[in-house]
Structures are given as structure tokens and as C-alpha cells.
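Heads up, the thing below is written out as C-alpha cells.
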Amino acid sequence: MAHVLVTGAAGFIGSHTVDRLLAADHTVTGLDNFRTGRRANLAAALASPHFAFHELDVAAPGALATLVGTVRPDAIIHLAALVSVQESMTNPDLNYSLNIHATHLVAEAARLHAVRRLVFASSAAIYGDATDFPIRESTEKKPISPYGSAKLASEAILLGHGAAFGLTVRCQRYFNVFGPRQDPASPYSGVISIFDRRYREGQGVTIYGEGQQTRDFISVHDVARANVLAATAPGVSSGVANICTGRATSLLDVVGVFARHFPAAPAVIHGTPRTGDIIHSLGAPEHAAAALGFRAEVSVDTGLGELIHAG
Ligand code: UD1
């Protein structure tokens, strides 16, 4: 069994990744500064004798390197980040600090203390407004936000460190992740988290546009499993991979599932399309299957059903 250090452990993807590592009998050290993560997400993990938590800011000089030197993990899963594309537009400086500089600090902590493997939360945002589908790892990278550029820059920083210092680096390009514990607080939160909250509260939802736009929605349970594989599976070498399902789901399909579960909900309202909205996003999943043995297993239908019945 491995000892895995998870940054951003109290976040949406982080807390599910921690839960899955513990379920697979790994030892986990979790870090979070609670900027966007929530302690409640770790309720189950905190009860485990195999989990240790440290409130720590990965971007604070020296903090992570000192901890890594003390706990000596086999692998690091780096999920701590400024997670909002919108916030990266209004505060590019903070995006640089939390999404680029912090990644460099993680790479350095791994180098200084001979950590063998590093898994990074990259994003489909590095591809920008792609026009050829499905999006492959070789598709041209044209980020259209400071968030997307930071994720792309971070991949380069980590892969360079990996090649130079003998560290295995896996960059996980998540597509549209959904599931329990995703924060619906902002209008720019993931659409499924927003719809889930509104249906629960008995309110109607607004679709920006006709609803024919599609996304490659992937369950957070699949994403957590992909992270565990990348950090602990034997015979994995450095590289990048889309973490996606390879299936396109329209917003009308998503709303159709909610409407089945909430038959008394008000009718959907259609608003004007969001400025800069992309029409389609769809990833090619084959590379993750070859590199990590990962295939998404949770359908949108099943994942939405679980979300609706959670909490
Ligand atoms: C992602 C980012 C978003 C960013 C955008 C541009 C996330 C969760 N979102 O959006 O912050 O601005 O890339 O690169 O990372 N929608 C509705 N009604 C709602 C909310 C959303 O119809 O109440 C629509 C959106 O217009 C969009 C679709 O749902 O067409 C999906 O939206 P979202 O979940 O924000 O994902 P992305 O569009 O991929």
C-alpha cells in the first residue's frame, strides 16, 4: 500500500479522491487551506486512522516542502488550485500565484524529498474553444482564460521536472466533473451543481440558449478512481491524459433527467446564451485507457440519480 499526499483534500475532487484512497487501504496525508474546500467534505476521512490532515497553504513559501520532508509520501496528488475560470479573469495575479507558482513549489518539494510520483489536476480548459471532436491529447492547445493558460503552464513545469529529476508525472485533463459536494454558490459553478440546488429548492432552472450545447460530463467518482490509478497503479509512466467519458450530453438531456426526478418543478426558462460559451466539448478517452487502465463507468443518468438522492 502507498502513502499518498493530497493537496486540496477538502475540495470537491480532493475529498472524493481521499475517500477512494482510504477505501483502497492506502495511507493519506491531506492538506487544505479552506479557501474553497470545506472541512465537512472530509467528515468520513477524518474518522479514519489512516488519514492525517494539515491545514496548510500550498502557496506559502517553504510550507509544503517542510511537510513533505517530514511525512515522506510515495506520491503527491496536487489538486489545490484557484478553481474558478471566472475568478482567474478577475484576479489573474492570484491565478498565477495559486495555479502556477504553487505548482512549481509542489514540483520542488517532490524533487527535494525524492517523491516518486506526482499527479496533477489539469483541465480541458487548456484546449480552449476546440472545433474538432473528440478532443485528443494532441489537439492544439489554445487556452482562452488565465485559468486555462495556468493549467497548461503547470503541465510543462511538472513534466520538465519529471524528465530532469526522475519523477513520474501524470497530468489529468478533467472534462466537466459533476457529483456530490460540488459547490453551486456562483453563477459560474458547474451547471449540474446549480441545477441540483435549484430543483431541490423547488425552483426552476435557466438554460442559457436552446439547451443543445453538449459537454462531456464525468462523475467525480470516476475522476477520483482515475486519480488513484495515476498515483498508485504499477507500471505507469509520465504523460498527459484526458479524463472524460467520450460521450456528449446536452443540457436538454440533463434537464430531462432532473425533470423525471422532480415532476412538480416549474418549467425550464431559456435565457440568452452566455457570452463566450462554447457549444460543444467532447474528449477522446482512449489514451487514459491505454496509459492508466482507466475507463469512465458512471453514466450521466446514474450519476445524476445518485446526486439527486445524496444528502
Ligand atoms: C467552463 C467554466 C466556466 C467558464 C467557461 C468558459 C466550470 C464549472 N465552468 O464552463 O466558469 O466561464 O468554462 O471557458 O469550470 N448553463 C446554463 N444554466 C446555468 C449555468 C450554466 O444553461 O445556470 C450552461 C452554460 O451556459 C454552458 C453549460 O451550461 O453552456 C455548461 O456550463 P458550465 O458548467 O459552466 O461549464 P462550461 O461551459 O464548460
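The values are calculated or read from the model by the stated rules, or taken from the named source; none is laboratory data. Keep in mind it's a predicted model, so treat the numbers as computed, not measured. Glycine also receives a Cβ, built like all others from the backbone with ideal geometry; neighbour counts cover every protein chain displayed. Areas reflect the complete protein model, heavy atoms only, side chains present, ligands, DNA and RNA absent. Shrake-Rupley method; radii C 1.70, N 1.55, O 1.52, S 1.80 Å.
How large is Rg/Rh for the range 159-311, to two decimals, with Cα atoms and a Kirkwood Rh?
1.04
How far apart, in nm, are two points set 7 Å out from the Cα along the Cα-to-Cβ line at residue 259 and at residue 277?
1.7
So if I average 1/r over every pair of distinct C-alpha atoms in the range 109-151 and take the inverse, what Kirkwood radius in Å does that give?
By the Kirkwood definition, the hydrodynamic radius is 12.1 Å.
Let me have the 222 nm mean residue ellipticity of the chain computed from DSSP H runs of 4+ only, each contributing -39500 (n - 2.57), with the sum over all residues rounded to the nearest 500.
Value at 222 nm, helices only, nearest 500: -11000 deg cm²/dmol.
Report for the chain the percent antiparallel among DSSP-assigned beta bridges with both residues inside it, nearest 5.
5
What do you get for Rg/Rh over the range 37-103 if you use C-alpha atoms and the Kirkwood form of Rh?
That ratio is 1.02, to two decimals.
Using a 1.4 angstrom probe on the protein heavy atoms only, could you order 141, 151 from most to least accessible area?
141, 151
What are the DSSP H helices in the chain that stretch 20 Å or more along their long axis, judged by alpha-carbon atoms, and whose average Kyte-Doolittle hydropathy comes to at least -0.5?
Membrane-span-like by this criterion, though nothing is claimed about a membrane: 146-165.
P(r) for the chain: what percent of alpha-carbon pairs falls in each 10 Å bin, starting at zero?
6, 28, 37, 22, 7, 1
If one computes the Cα centroid of the range 5-47 and of the range 80-143, what distance in Å separates the two points?
20
Please work out the FRET efficiency for the pair residue 24 and residue 142, using the Cβ-Cβ distance as r and a Förster radius of 35 Å; give the result to the nearest 0.05.
About 0.40, to the nearest 0.05.
Given a 1.4 Å probe, how much area per residue of the chain is accessible, in Å²?
Solvent-accessible surface per residue comes out at 43 Å².
What nm value, rounded to one decimal, do you get for the distance between residue 201 and residue 101 when each label is placed 7 Å out toward the C-beta?
Spacing of the two 7 Å Cα→Cβ label points: 3.6 nm.
Between residue 70 and residue 47, take the C-beta separation as r, use R0 = 25 Å, and let me know the FRET efficiency to the nearest 0.05.
Given R0 = 25 Å and the Cβ-Cβ separation, E is 0.60.
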